[in-house]
1. Calculated FRET efficiency, Thr710 and His213, Cβ-Cβ r, R0 60 Å, to nearest 0.05?
2. For the chain, what does -39500 (n - 2.57) per DSSP helix run (n ≥ 4), summed and divided by total residues, give at 222 nm, in deg cm²/dmol to the nearest 500?
3. Keeping all protein chains in place, calculate the accessible area per residue for the stretch 358-515 (probe 1.4 angstrom), answer in Å².
4. Got a number for carbon plus sulfur as a percent of the chain's accessible area, 1.4 Å probe?
5. Could you state how much accessible area Met440 has, in square angstrom rounded to the nearest 10, with a 1.4 Å probe and all protein chains kept in place?
6. Write down the accessible area per residue of the stretch 74-132 in Å², having rolled a 1.4 Å probe over the full set of protein chains.
7. With labels modelled as points extended 7 Å from the Cα through the Cβ direction, what inter-label distance (nm, one decimal) is found for Arg773 paired with Asp326?
8. In what order, largest first, do Tyr676, Tyr755 sit by accessible area if the probe radius is 1.4 Å?
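The values are calculated or read from the model by the stated rules, or taken from the named source; none is laboratory data. Remember, predicted model here, so these are calculated numbers, not experimental data. Because the Cβ atoms are built from the backbone with ideal geometry, glycine has one as well, and the counts that use them run over all protein chains shown. Quick note on the areas: whole protein, heavy atoms, side chains included, nothing else; ligands and nucleic acids left out. Shrake-Rupley method; radii C 1.70, N 1.55, O 1.52, S 1.80 Å.
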Amino acid sequence: KWDGGIYEFPNVDRLGSCMWSDISKREFPDHLKEATVCPDNLLLDLSEYMKRSAKASEDMVIVNPWLIHPETAMSLGIYFDPVWDVKVVIYYRRYFEWITISFEKWREDIFEYTLSPHKALIPSTSFRYIDFLREYCKRLFYGKDVNEDGFPVRKLDHDTHDTGIVSMQQVNGKVYFNQFDPTTNFEVEELTDLQEYTYFVAKQYYANPRFRHGVNIVNYHDIRGPETNFYCHVLHDAHNACKTAIEREESASKAAEMRTESFAQVDPILPFKPSHALEEIVIAGYMAGRLQFDDTRSKKLFVQQILLWIKMVHSALQERKLSITDLPVECLYQFEIDRLLEVSLAYEKALLPEFFRSSKGADGLQDEFSQWRFCSVDTAMILNEARWDFLFEAASHYDLPEQPKAYIHIGAPKTGSTSIQDTMAMDMGFLKQDKYFLAMHGQIAKEAGEYIIDNMLVKCDQLGACVWSEEQRQMVVQGSGDKNAGLCPDYLPRTFNAFLSKAIAAKSNIVISNEWLNRPTSESGLVDILDGWDPIVVIYYRRFFDWMISAHYQWHFDISMGTVELLKGKVRLIDFMRMFCGRLFASNVRHSADDSDLSFVDLTDTQEYTYHAWKRYRKVPQFENNVKIVNFHDGHIIKSFYCDVLSAERACELETYRLESKESVVKTRSKKSTTYVDLAIGVYGKQSVAHAGGHNHDHDHDHDEPIPMTMEMLHAMGDRFQERMAAKGFVEDDLPQECLTKAEETLLLNVSLAYEKILLPETYASGGEDATRGHFFSSLASGKFCSVDLEGVMGDPRWAFLFEDAI
């Protein structure tokens, strides 16, 4: 209830999280993880506020239900300044009522946050009300005959139905407590398993010396309401608030005496909610295989499907003129009911002994308890008796409608992504007619604050940062040297959602093209932001050896002095290949694409290459069967995207016409040779190593301030090398070369073949293998796998003229 600071009190919503251990925080479900983060200034702000309050002789009230969590009392006892006389206030509600309310909240949370299509993750053994009671009272009900996991009771004389549902075998139609071993060393109050209940919270605070004499249990069932009790009987000297609360309570439309009846079961014929019964029938049908759903689809879609099935069951009952009251019912057995009453009485006696002894205490509890029925719909009977089969017969007519498609183009880098993105931006009008909205990397706004232009989202280059894990964000920052590279702009999540909404309203699919989504952890983040869409990941394939050559050029273009110094000047193509294929080249095994085991393809460390991205995405169930590989070597990368991937009729016709009229343009960066810069960097690296080793005695510059080297200086040095070569009548090819070894060449070819065999098996089998071999040997013959021989140049007097005053 923080007011934003108007009255200067701090936001204590997450005070509990500042008191819990990391081990305790890990027990929280995913949807509550945020509640386990202690804000940086919370304790400091609260301490300052408490100091001001103490100085002003003002009492304080802190209200926060998270403080019931185990471990809280010990930490709070240490935190509170001894100047404060702390009173802990805990409300008491009768256990059988309280656990029913807890079940209601738990069921709401299940549907809102955690209900999953994976059957192993559905809490089927506690989903119904009576199953929930049995799960969290199993030690109370069954003594030593409890299971730690699964159905609460161990198999005694149980029947297991074909559905996998276990039921207790009855003796003359009944199950008795004496069928179980109730032996225990604990008092009955200790035999329930929800630690949030008043008894266990009070026990936690009583156990701490700081609070032992200041725990106040407030009776929810008192004739006065909870607010009046708090103001009038808990707070000290709060006369004005007490008077106001009494007046407000007396003016309420219902008499105060009716408050205790507000949660009573008012329908003895139907002791459960109709909505619960329908949900339970559907979940039981799904668990038994009577209802089918693709478990690779999202939780959100599964909940939508559940709602459709609920509508189906309800309609089936109406068509037969049956009501919810006609469904079979399963209730707790009498011995379970007796034990639930016993523990409810024990809690009231322990927590409020004087009230327990009064006429409204034990007698009132038993009277209210006698009016309750602890029952749920009998799903086992519905699944096993043919007369209820009609409930599931119309399942095929209640499938979810087809989802809009989200095509996610993630590269790989060096496969023409920029050309695809720029061409799609140019063709956005045609693609709009084909029912496609676009989110393209590299597209800018025409005006400030403009993010969606017709059917295209612009300024979305950093979408990757919005879906990466925190660890991946830090890796990108460290690798790029740009602290902003891992930041998700504040505007982007909002505008991306608006973009999705606009596409849905236009009944269109979407295309996202962004190579940053090639980075690890993108795959899991995309699942979250594309919930409700049918995702198809598009990755272009380029032969590995050819891709390495192009990737090296890009890497070389972006290289920094930090990388140069880290690698000691070894930045040539062959150095690059040996760095990223080091494990493959060191394997000392003659791997082949004909091997039955192709696991050697995992021995390269180029995580942005098509294979590694494909493998990561396929590990996510939502993408497992939705990754499309497009062959870069077909020669028409844009046409392939329009015609074969998107089936975008107008855009396909447009690009086909451009190709036929030779108007289609695929952008390529002109590749200036890196040989002379490689040589300059190599010379610098050698001299840096020599200086670091103390081998610079021929020069008396020990006291001179060294001039820091820059990439611009190294490129200038490379230009001087080229000029000196030309002046002597030499060309680049005259320099000695160092090439991959024969063994390295063989492994490079074989891993390239294996990648194509895995990614494009049909292409590989129908001429792709021969084409790859031909391409490889053509590259080999033209010296593509060679670089300047640094040792050969620097150690041969013939080339000494290059290094005169080189650095």
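1. Details: r = 72 Å, r/R0 = 1.20.
With a Förster radius of 60 Å, E is 0.25.
2. Values: 32 runs with 332 residues, N = 807.
My calculation for the chain gives -12000 deg cm²/dmol from helical runs alone.
3. Details: 7290 Å² over 158 residues.
Counting only protein heavy atoms, the per-residue value for the stretch 358-515 is 46 Å².
4. Numbers: 21500 of 41970 Å².
Here it works out to 51 percent.
5. Rounded to the nearest 10, the figure is 0 Å².
6. Details: 2640 Å² over 59 residues.
For the stretch 74-132, the per-residue accessible area is 45 Å².
7. 7.3 nm
8. On the way: Tyr676 20, Tyr755 0 Å².
Heavy-atom accessible area, descending, gives Tyr676, Tyr755.
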